[in-house]
1. Counting only residues that are surrounded by fewer than 22 Cβ atoms within 10 Å (Cβ to Cβ) and touching a residue at least 12 places away in the same chain (Cβ under 8 Å), which one in region 581-595 is nearest to Thr553 (Cα to Cα)?
2. Here are some conditions: (1) closer than 23 Å to Tyr612 by Cβ; (2) part of a loop (DSSP other than H, G, I, E, B); (3) away from the ligand (no atom under 16 Å from the Cβ); (4) of a type in the set (Asp, Glu). Glu424 meets all but one. Which one does it not meet?
3. Got at least one residue in region 312-329 being more than 16 Å from Gly430 (Cα to Cα), surrounded by fewer than 22 Cβ atoms within 10 Å (Cβ to Cβ), within 22 Å of the chain's Cα centre (by Cα) and among the acidic types (Asp, Glu)?
4. What do you reckon, is Arg543 over 25 Å from Gly662 (Cα atoms) and of a type outside the set (Phe, Trp, Tyr)?
5. Being within 25 Å of Leu507 (Cα to Cα), in a helix (DSSP H, G or I) and in contact with a helix residue (DSSP H, G or I) (Cβ under 9 Å, 6 or more places away or on another chain): is that true of Thr611 here?
6. Being farther than 25 Å from Leu50 by Cα and either in a loop (DSSP other than H, G, I, E, B) or in the same structural domain as Ala53 (by TED's automatic domain parsing) (or both) is the filter here; which residues of region 187-206 pass it?
7. Going through region 208-238 one residue at a time, which ones are of a type in the set (S, T, N, Q) and either under 25 Å from Arg113 (Cα atoms) or surrounded by 23 or more Cβ atoms within 10 Å (Cβ to Cβ) (or both)?
8. Residues being touching a residue at least 60 places away in the same chain (Cβ under 8 Å) and under 36 Å from the mean Cα position of the chain (by Cα): count how many of those fall in region 648-668.
Amino acid sequence: MKARSGWLGALALLMAGTAHADDGYRLWLRAPAAAPAATTVAIRGDTATLRLAAAELSRVLPAGMTVMVATAADPGVAALRLPFAPLGDEGYLVRPVTLDGRPTLLVAGNSDRGALYGAFALLRHLATGGTAAKATLTSTPKVKLRVLNHWDNLDGTVERGYAGVSLWDWWTLPDLKDPRYTDYARANASIGINGTVLNNVNAKADSLTPRYIAKAAALADVFRPWGIKVYLSARFSAPIELGGLKTADPRDPQVAAWWKAKADEIYRAIPDFGGFLVKANSEGQPGPRDYGASHADGANMLAAAVKPHGGIVLWRAFVYAETDPEDRAKQAYTEFKPLDGSFADNVLVQVKNGAIDFQPREPFHPLFGAMPKTPLVMEFQITKEYLGFATHLAYLGPLFEEVLSAKTGRGDETVASVVDGSSERHRLTGMAGVANIGRDRDWSGSTFNQANWYAFGRMAWDPTLKAEPIAREWAQQTFGTDRRVVDTAVAMMMGSREAVVDYTGALGLAHLMATGHHYGPGPWVADLKRPEWNPVYYHKADRAGIGFDRTKTGSDAVAQYAPPVAKRFADPKTTPERDLLWFHHVGWDRKMASGRTLWEDLVAHYDRGVTYVGDMRRQWDGVRAQVDAERWQKTATYLAVQEREARWWRDASLAYWMSVNGRALPAGVAPPAHDLAWYKAQSFRYVPGHHD
Ligand code: BDP
């Protein structure tokens, strides 16, 4: 057939292009912008939040339906005697009812926020193939504080951010309320996120000055109708830096008075301010230990300042001290476990998912289950600092699920039941995710990274949800319901995190990345000032074997787990192979479940990881015609980058391990492309997310 030419052809091409163009801005919320005229979405009780809920629904519901958005307080709704009690503050129900004699789809909660969540649940139901007419949905969040942590700096950079500069334009705030702030809040509300910490945990005191409080207040005003509260990271030494005091000792009455006045000032500007997040005595941050006071002293002093206003303190357990020779994996537990029971009732201790630092795989943190008197917040890293930055496709749902479903060894308790408070009946519960959001047009640096934001929100709402169905509902909302595309996306996603584990260091290895910027491999690094900054500290490879002995003969970190778990991890035979080298130093010839030696198995993992990425590329090629060109192409390009970098990780790591163990590669295995010296010589500057 003759190719179309002339202006008609060009127009047709242009129109086809526009029809399919998609830059990812709409995330998983892809409802058409125009309202079908004949849908009636009524509201009972007039609040900004209910109006937003109604607007969401009017854009998507089929014509001819009668829909009512309301709260349980409305007398007409109350008369229906629906089961509102179990919904708590934020739960919702959606169901067909008869109101004023008319068949009506009711979307309601005890609060207007509940109704808003109900509206988004209905949207999700429709976008995943459900129909509106008889929709019957209900859910109550299991976790109270579902909070993003932005590691955003006041100069617009984002620590470990790979999606462009900070979403917050601090310079033009509070005057300019960029419409993106609304879109951000809407996206969060759609997955149930109800809080956001605006600034980096490595905090500047400036965030607490009147100028910046006004800026945070402007954001809080935008977020409020979407049910989202604003929090700030607080620099512990602010009373010295801003208040001119000689000390920040939490036991000093002047210090406590300074924080109280500061909290009062913040609450005057932001009446529903959530509270403070604090990184203290960790990686150079100031804290109560500088004065011989405990973390509880510090947290409780701040908690007293926000308490009259209903605020809370999120106090991080991510501590390790440069003077402490103890195994880094043990230090948080050693420091915090004895403090159980001494925190004020509006303090939550925020614990990373594993005991070291957001590695591609870590066993669950031993603090979960070990501090029954203290609400523990789960902290996940959504931004992929250690999983290939924005360019690698790594769906984190399986990582979240693996940690949350882990059994702590205390009866039936799981990490999820600690986090959602069901174990100890805590009033306050929380889950925090280090955001992967920036000013990139697609928010998260790639389409598939959006799934990690999405999965975090869904699992924060209900930590017992599973990664696979979440991937599926995300893919349906993001790409449409074409079965082939959805199946392909889900298949790619589900093994993608394991592939990163495989090509960066499987079998329990961790912390093998290059220094500072953390881009690429650096298992050979041994010359950094502090021992626990060096990868060699973590893998302890030598001619005979590899791995960190965390049993009795080593650091005895296993003893921090409850007895049944400790017992399992204490013996290499009962330790899951995926965690083997985390807990044990074993010989290269150790026989593995596969029948191969450890060395052969490790090599096989590297190859499996690289192969998986190649497979993802082929799978993605297969849906080229079904996905809009822009998102398809960017994903395809990044998969090519990922394959190149996966190979780099594999080759560099194998070259290094061979230099240590003096072994050859098993027969048929491809040798590294370069010698070890070449890999060691690679150096990078201006890497995103890090400042030299
Ligand atoms: C590490 C990051 C560092 C953060 C730190 C933290 O490399 O940038 O400041 O976590 O969580 O993984 O405080």
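The values are calculated or read from the model by the stated rules, or taken from the named source; none is laboratory data. What you are looking at is a predicted structure, and each value in this text was computed from that prediction instead of being measured. For neighbour counting, all protein chains shown are included, and Cβ atoms are generated from backbone atoms with ideal geometry for every residue, glycine included.
1. Top of the filtered list is His585.
2. Evaluating Glu424 over (1) closer than 23 Å to Tyr612 by Cβ; (2) part of a loop (DSSP other than H, G, I, E, B); (3) away from the ligand (no atom under 16 Å from the Cβ); (4) of a type in the set (Asp, Glu) leaves (1) as the failure.
3. Checked region 312-329: no residue is more than 16 Å from Gly430 (Cα to Cα), surrounded by fewer than 22 Cβ atoms within 10 Å (Cβ to Cβ), within 22 Å of the chain's Cα centre (by Cα) and among the acidic types (Asp, Glu).
4. no
5. yes
6. Passing the criteria: Leu198, Asn199, Asn200, Val201, Asn202, Ala203, Lys204.
7. Ser233, the sole residue that qualifies.
8. Total meeting the criteria: 8.
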